[in-house]
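Enquirer: Supplied in structure tokens, the structure appears directly below.
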Amino acid sequence: MEDKPLRVLACGDVEGRINALFNRVNAIQKKSGQFDLLLCVGEFFGTSEAEAEWEAYKSGAKKAPIHTYILGAASQETVKYFPNSDGCELAESITYLGRRGIFTGASGLQIAYVSGREAQHEPALSHCFTSKDITALVAPLLSNSKFRGVDILLTSQWPRGVWQYGNSPETDTKFCGVSSIADLTDKLKPRYHFAGLEAVHYERLPYRNHVVLQENAQHVSRFIALATVNNPAKKKYLYAFNIVPMKNMDPAELVKQPQDVTENPYRKPMKDGKKEKPPPSMTGEEPVSQFFFDLGQKKPQHQPRESIHLQSFRSIRWSNGSNWTILLPYPTGPCWFCLASPEVEKHLVISIGTHCYMALAKGGLTPDHVLLLPIGHYQSVVDLASEVVEEMEKYKSAVKKFCKSRAQRCIMFERNYRSQHLQLQVVPVPMEKCSTEDIKEAFMTQAEEQQMELMEIPAHTDLKQIAPPGTPYFYVELDTGEKLFYRIKKNFPLQFGREVLASEALLNIPMRADWRECKCTKEEEEDQAKQMRSDFEPFDFAHED
């Protein structure tokens, strides 16, 4: 039997706005009931102008409305507020945890913490931590054979590369985070990890702490970065959650994996004892070209340069009239849609280009419902490199011609939310079923019913202009070229696009709105894919090449 969950609030940089923070906490508790504790990351104290505000709490004239635990100074200017680097009570109900360590509450909740910034040189400044601090924190925990991880990790700085394999933050990642915090996080396996200092809110998709089929299942980790209190952009700076301490949880419940779980961002594949580079889409570099070899009489389409190590590629075979062997870079982590990944169901593939491919949709709305996907790992349309965009447009044009030849409207949509790899869904709708205006109205009406503002954007507008990389969004392109866009805030219905098209007003197949209800046997899928390949062949520019 699990214990009653603890109710916890986490906060980003307060920067001396203590009254504003506690007023907000009071309002939340008045509405939602009492929380057990408040955890603050980043810089708690601010400039000298905010000193008077702090003095009221220090003198006892004011009292924190909740047990508050804070990290130490993240700049030399605020060191003066912390009399003891080992941690101490600074005012009634406001406790400084210390430079680094483990705090275990009466409930058994285990909180690991590291204050300040990574030291750039020795001797370290008083607002910085060193590698010795990290070792002193980690070593005792890892020496215990029963150690499974900590409940919560608090750091002021971000872990370097936390965004890999996941959704992207709205900040410049070139200078964001440090590797020492990434290594610490990988070792401590926190269920929740909070950080500040970057002035943005970023909630990464949960990631797993084990290798599937190679290690025993472990709990997932969630990284949440929080913005600054009362920031003018109104970015989220408070995060509320319930947690049962790990030691009190049922093991089977603890290791449950959510649907949107990703690979561990800190575990890169090892080769020759060296860490692999992160995937191209994570570094901003142009992706490596793919190399195609025809096993018939034709000459190779591309010759691999000698500088490319073939060991870093895997070969797959695919047949579409001719036999092809395709050399592709190994995917950086398990992905159902990277073409070189073992997880890809290659019997669904319809066509392969140089940078993109087409596949039959699993559990499709109709027998000719297909997906357009990049061969390499890209999360969304707005992340694509220029040559990938160019070929994606060629595929879109080919599919539109294919649909037109069959008296169908070609409706495309993308959901960049709780997804790792771009999937542009293409659903043909028979012209006699409805007009384009009917389809547009159906999307608008259902969005309105779900309190979502689906807006129309100009036909030639580049999505990158309104959705920077990392922005969650839903996007529809109608056969007239009209585009509908919704910037996802929270709780977006994952099957929204299918639900609209399957509705009585359009395809009138509401029972097929959820792809999981439309599964076929592998033999049936193979037959459908074979038929689709044959039908699409006259329009397939990749086949002509």
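The values are calculated or read from the model by the stated rules, or taken from the named source; none is laboratory data. Note that the structure is predicted; figures quoted are calculated from it, not measured. Counting neighbours? That spans all protein chains shown, and the Cβs are built from the backbone with ideal geometry, glycine included. SASA here: full protein model, heavy atoms, side chains in, ligands and nucleic acids out. Shrake-Rupley method; radii C 1.70, N 1.55, O 1.52, S 1.80 Å.
Enquirer: For Leu213 and Glu170 in one chain, what is 0.36 nm times their gap in residues minus the Cα-Cα distance, to one decimal in nm? Walk me through the numbers before you get to the answer.
Expert: Working: separation 43, 0.36 × 43 = 15.48 nm, distance 3.36 nm.
Net length gain for the segment: 12.1 nm.
Enquirer: Here are some pairs, Lys433/Lys489; Lys31/Lys62; Lys362/Lys400; Lys31/Lys490; which of them have Cα atoms lying more than 28 Å apart in this structure? It would help to have the intermediate numbers written out before the result.
Expert: Details: Lys433/Lys489 33 Å; Lys31/Lys62 22 Å; Lys362/Lys400 20 Å; Lys31/Lys490 21 Å.
Listed pairs above 28 Å: Lys433/Lys489.
Enquirer: Classify region 346-539 from the C-alpha gyration tensor, please: rounded if a/c falls under 1.5, else prolate or oblate depending on whether a/b exceeds b/c.
Expert: Working: a/c = 1.40, a/b = 1.13, b/c = 1.25.
Rounded is the answer for region 346-539, as its axis ratio a/c remains below 1.5.
Enquirer: Could you calculate the contour length gain from Glu441 to Glu345, that is, 0.36 nm times the residue separation minus the distance between their Cα atoms, to one decimal place in nm? Intermediate results must be reported in sequence, preceding the final value.
Expert: Working: separation 96, 0.36 × 96 = 34.56 nm, distance 3.50 nm.
Going from the current span to full extension adds 31.1 nm.
Enquirer: Give the cross-link partners of Lys530 among the aspartates and glutamates, using a straight C-alpha distance below 13 Å as the criterion and excluding same-chain residues fewer than 8 apart.
Expert: Asp368
Enquirer: So what does the Cα-only Debye profile of the chain read at q = 0.08, 0.09, 0.11 Å⁻¹, as log10 I(q)/I(0), no solvent term?
Expert: Each listed q maps to, in turn, -0.62, -0.77, -1.06.
Enquirer: For region 196-217 and region 495-538, compute the distance between their C-alpha centroids and round to whole Å.
Expert: So the two Cα centres are separated by 33 Å.
Enquirer: Which residues does a label at Ala252 reach in region 1-29, if reach means a backbone N under 18 Å from a point 7 Å past the Cα toward the Cβ?
Expert: So the set is 1-3.
Enquirer: Further, regarding this structure: With a point put 7 Å past each Cα toward its Cβ, work out how far Thr130 is from Cys88 in nm, to one decimal.
Expert: Here the answer is 2.2 nm between the modelled labels.
Enquirer: Looking at the square roots a ≥ b ≥ c of the eigenvalues of the Cα gyration tensor of region 37-136, which shape do they give, rounded for a/c under 1.5, prolate if a/b is larger than b/c, or oblate?
Expert: oblate
Enquirer: While we're looking at this one, here's another question. Suppose every K and R has +1 on its Cβ and every D and E has -1 on its Cβ; what is the size of the dipole of the chain about the Cα centre, in Debye to the nearest 20? Each step should come with its number before you reach the end.
Expert: Numbers: 65 positive and 70 negative charges, 245 e Å.
Here the size comes out at about 1180 debye.
Enquirer: Something else now. Would you mind getting me the FRET efficiency between Glu537 and Lys433? Use the beta-carbon distance for r and R0 = 30 Å, nearest 0.05. Working shown, then result.
Expert: On the way: r = 26 Å, r/R0 = 0.86.
It comes out at approximately 0.70.
Enquirer: Right, here's the next one. Full extension from Asp36 to Lys489: what is 0.36 nm times the residue separation minus their Cα-Cα distance, to one decimal in nm?
Expert: On the way: separation 453, 0.36 × 453 = 163.08 nm, distance 2.77 nm.
Additional length available on full extension: 160.3 nm.
Enquirer: Sorted by accessible area with a 1.4 angstrom probe, largest first, how do Asp172, Asp479, Asp151 fall? If you can, show how the numbers build up before the last one.
Expert: Values: Asp172 80, Asp479 55, Asp151 5 Å².
My answer, sorted largest first, is Asp172, Asp479, Asp151.
Enquirer: Further question: Given a Förster distance of 56 Å, report the FRET efficiency between Gln451 and Lys146 from their Cβ-Cβ distance, rounded to the nearest 0.05. Display every interim value, and only then the final one.
Expert: Details: r = 47 Å, r/R0 = 0.84.
For Gln451 and Lys146, the calculated efficiency is 0.75.
Enquirer: A follow-up question, please. Shape call for region 468-545 from the C-alpha gyration tensor, a ≥ b ≥ c root eigenvalues: rounded (a/c under 1.5), prolate (a/b greater than b/c) or oblate? It would help to have the intermediate numbers written out before the result.
Expert: Values: a/c = 1.94, a/b = 1.34, b/c = 1.44.
Here region 468-545 falls in the oblate category.
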